[in-house]
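Reviewing the structure listed below.
The values are calculated or read from the model by the stated rules, or taken from the named source; none is laboratory data. From a predicted model like this one, the values you see are computed outputs, not experimental measurements. Virtual Cβ from ideal backbone geometry, glycine too; neighbours counted across all protein chains shown. Surface accessibility is based on the protein's heavy atoms, side chains included, excluding ligands, DNA and RNA. Shrake-Rupley method; radii C 1.70, N 1.55, O 1.52, S 1.80 Å.
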Amino acid sequence: MTDPNQTSSNPDQTGRVSGADGLLTRESTSDGSMGGDARELVENAAAGARVGAKVGSGYGAAIGAAAGTAVTAVKNKRTRRRLVIVLTAPTLAGVLAWTMVIVALGSLVADHDQARDGMSQAAAGSDGVTDQQIGIYRAGAESSGVSWMLLGAVDRSAGHWAGPGDPPYGITDLAAFNTDLTRHSLTPLTAAQLQDRVAAAYAFGRLFADRLAEIDPDVDADDLAAGAGVMTDPADSDRQILAVDPDDSHANAIHERVRSAFISALAAMPSTTATDATAIFDAAYRWAIGQPQTCGTDPFAQIAGDPGVPRPTGAGARIDVTVATWNTLYTNPAARVVDGIRSIGVAADVIGLQEVTSSRKRAEIAARLGQDWQLYAGGDGNNTTPVVWRKANYDLLAHGAVEASGLVRIEPGASGTVLGPRWITWVQLRDRSTGGAFSFVNTHLIPTIDAGGRPARSRPQRLRVYDQQIGRLLGLIDKLKAAGPVIGTIDANIDARGDATYRDPRWPYAQFARHGVSTNWRMLGAPATGGTHDTRLIDWVWSTTGTIIPTSQQVGDSYGSDHHSLRVSLSSAAPPLPSLTTPASGVDAISTGAGGPLVPDRLTVPGGVPGST
């Protein structure tokens with residue numbers, strides 16, 4: 001196909017003229033007055049600065065501004081005479097002043113454009129677009145005549161707004177796409193070039209620019225934000241934003257003209273994204289003006305009153321739910337985490353995640369999950385514990401987070417010698433089909449504290465952190481269970497078998513029992529061998545068993561993590577299980593699988609991969 005580094009200057013071929021070619025082929029637009037000459041000079045200097053900034057930042061912009069000035073002088077003899085007078089004036093001050101004007105203009109334009117682009121990149125990043133992906137869209141946009149924001153939005157639409165499209169940009173019918181390219185005198189794509197996201201972006205951009213020119217030749221394919229300007233934020237008088245002023249009829253008319261033309265051109269493209277034209281423009285425009293969109297970290301403004309207060313749920317409404325816990329492993333890429341969530345979610349409605357360690361990664365996961373799942377990560381920092389659930393199945397009643405522990409120094413072990421803040425996340429959900437409501441809690445205890453089922457007393461600093469974490473978890477459980485059943489997921493970093501064997505009063509088996517809580521391993525039994533992390537059962541699902549109990553359990557795949565997932569079904573209408581205090585066999589249920597026929601007495605669990613816990 002055509003070399004992406006070559007830009008045609010033929011208006012009949014591209015439908016528009018841009019960049020350096022546009023500057024060089026531009027005719028004089030002055031009306032002959034001194035004011036008209038001055039406006040033309042500034043416009044051409046600014047255009048030259050923008051071209052130069054793409055090559056050499058501030059210095060390139062200054063050189064470009066000078067080049068734009070020179071072009072004006074060539075095209076307009078009146079300007080040429082005036083420049084000759086200024087430049088040959090026998091005063092050094094005049095020469096220096098003129099040079100400073102050119103440099104200042106170039107730097108101002110470059111700084112403004114760079115600031116705008118930084119805002120655009122941040123806004124796209126909040127929607128889960130990675131820096132690497134933005135780099136690809138930039139490369140494709142470089143000579144195609146469109147912005148990287150437009151190409152990025154098209155590709156996200158092709159990927160159902162969860163990631164890049166496959167094939168890129170929704171080009172599923174290459175023959176039809178090439179027919180349209182040929183009709184516009186553009187070089188067709190080969191099958192190999194279609195798999196090159198940069199080459200495909202260039203072709204898509206060139207074709208879009210031509211189609212846009214057919215619809216409205218006066219609309220610039222690179223100017224998504226036409227009509228927008230700096231204005232006071234209507235929601236915060238102390239804040240300035242980039243937007244279309246609703247009180248400026250001229251700006252609104254420009255924006256609506258551009259929006260209509262872009263949407264029409266996008267709808268005419270030979271791509272599966274044509275039916276999503278409005279959403280594509282709106283996303284690209286939002287990125288262009290630097291307005292981020294919340295990607296699921298706090299999407300709950302519809303809750304009336306304090307969202308941190310659990311609501312009374314009433315009695316009698318049955319609850320049947322399958323939940324899962326999965327430590328994702330902090331090095332696991334976001335795309336693989338999303339694949340794991342979707343696989344686990346085939347048979348689970350609510351999932352507690354651990355080690356999703358950055359806000360950017362959480363935002364990318366939320367964006368990739370799309371509209372089927374909602375993600376909430378209470379608290380801040382790198383050790384929040386997100387909860388995801390099926391949006392179609394549940395209404396959110398309340399939500400919140402409790403800081404389990406702050407920044408502390410600890411003995412050497414997993415997570416190093418400094419532990420950052422850790423959080424307990426909770427949501428209260430109501431089943432849309434039955435009206436049954438429950439609270440769901442997720443947390444992750446400090447590692448390297450367990451010595452075969454008992455506290456590792458050689459690590460007192462770590463144990464003090466554990467005491468604080470378990471105390472705050474139990475306090476939250478007591479608060480939530482007053483409103484109804486409570487279910488929780490936890491990476492406890494404590495082996496359930498050993499805890500059931502020794503029942504140390506400091507450890508969860510005993511502590512949970514004092515608050516009416518039991519784990520799935522206690523209620524349904526544990527496999528004789530294997531674990532969720534290496535050979536240990538350190539990932540648990542627990543519940544307030546006076547109101548809802550587990551009925552089945554399954555250890556699942558690891559999906560690239562060093563932990564296996566664990567899925568547990570629970571019901572508020574389940575039959576009573578045998579007593580766990582004095583089992584009929586005289587042996588604790590966790591050692592024998594005494595939960596009855598609901599699970600086999602032995603589960604085969606593939607060994608985990610050693611790593612972070």
Rounded to the nearest 10 Å², what accessible area does VAL219 show when all protein chains are kept and the probe is 1.4 Å?
10
With VAL387 itself left out, Lys, Arg at +1 and Asp, Glu at -1 over residues whose Cβ is under 12 Å from its Cβ give +1
Charge context of GLN371, other residues only, Cβ under 11 angstrom, K/R +1, D/E -1
+1
I'm checking a number: the convex hull volume of the Cα atoms of segment 395-549, normalised per residue, in Å³. What is it?
112
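Mind giving me the FRET efficiency for ALA528 and ASP395? R0 is 35 Å, r the Cβ-Cβ distance, nearest 0.05 is fine.
On the way: r = 41 Å, r/R0 = 1.18.
For R0 = 35 Å, the calculated efficiency reads 0.25.
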Grab the eigenvalues of the alpha-carbon gyration tensor for segment 161-261, scale each by 5, take roots, and send me the semi-axes largest first in whole angstrom.
35, 18, 9
Please report the net charge: other residues with Cβ closer than 10 Å to the Cβ of ASN327, K and R +1, D and E -1.
-4
Segment 357-504 - percent relative contact order, Cα under 8 Å, separation 6 or more
20
Derived scalar couplings ³J(HN,Hα) [segment 495-509; Karplus, 6.51 cos²θ - 1.76 cosθ + 1.60; whole Hz; x for Gly, Pro]
6, 5, 5, x, 4, 5, 6, 9, 6, 4, x, 7, 8, x, 3
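So how strong a dipole does segment 468-543 carry about its Cα centre when Lys and Arg Cβ are +1 and Asp and Glu Cβ are -1, to the nearest 20 debye? Intermediate values should be presented prior to the final figure.
Values: 9 positive and 7 negative charges, 61 e Å.
Magnitude of the dipole: close to 300 debye.
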Under 20 Å from the 7 Å Cα→Cβ point of THR417, by amide nitrogen: which residues of segment 447-489?
447-449, 457-466
Relative contact order for segment 484-570: what is it in percent, counting Cα pairs under 8 Å that are at least 6 residues apart?
33
Given the alpha-carbon gyration tensor of segment 336-476, what are the semi-axes of its equivalent ellipsoid in whole angstrom, ordered largest first, with each equal to the square root of 5 times an eigenvalue?
30, 17, 13
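Please report the projected area of segment 385-458's Cα convex hull averaged over all directions, in nm². Working shown, then result.
On the way: hull surface 26.6 nm².
Mean projected area of the Cα convex hull: 6.6 nm².
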Expressed in square angstrom to the nearest 10, the accessible area of ASP339 with a 1.4 Å probe stands at 90
Between segment 173-210 and segment 419-467, what is the C-alpha centre distance in whole Å?
53
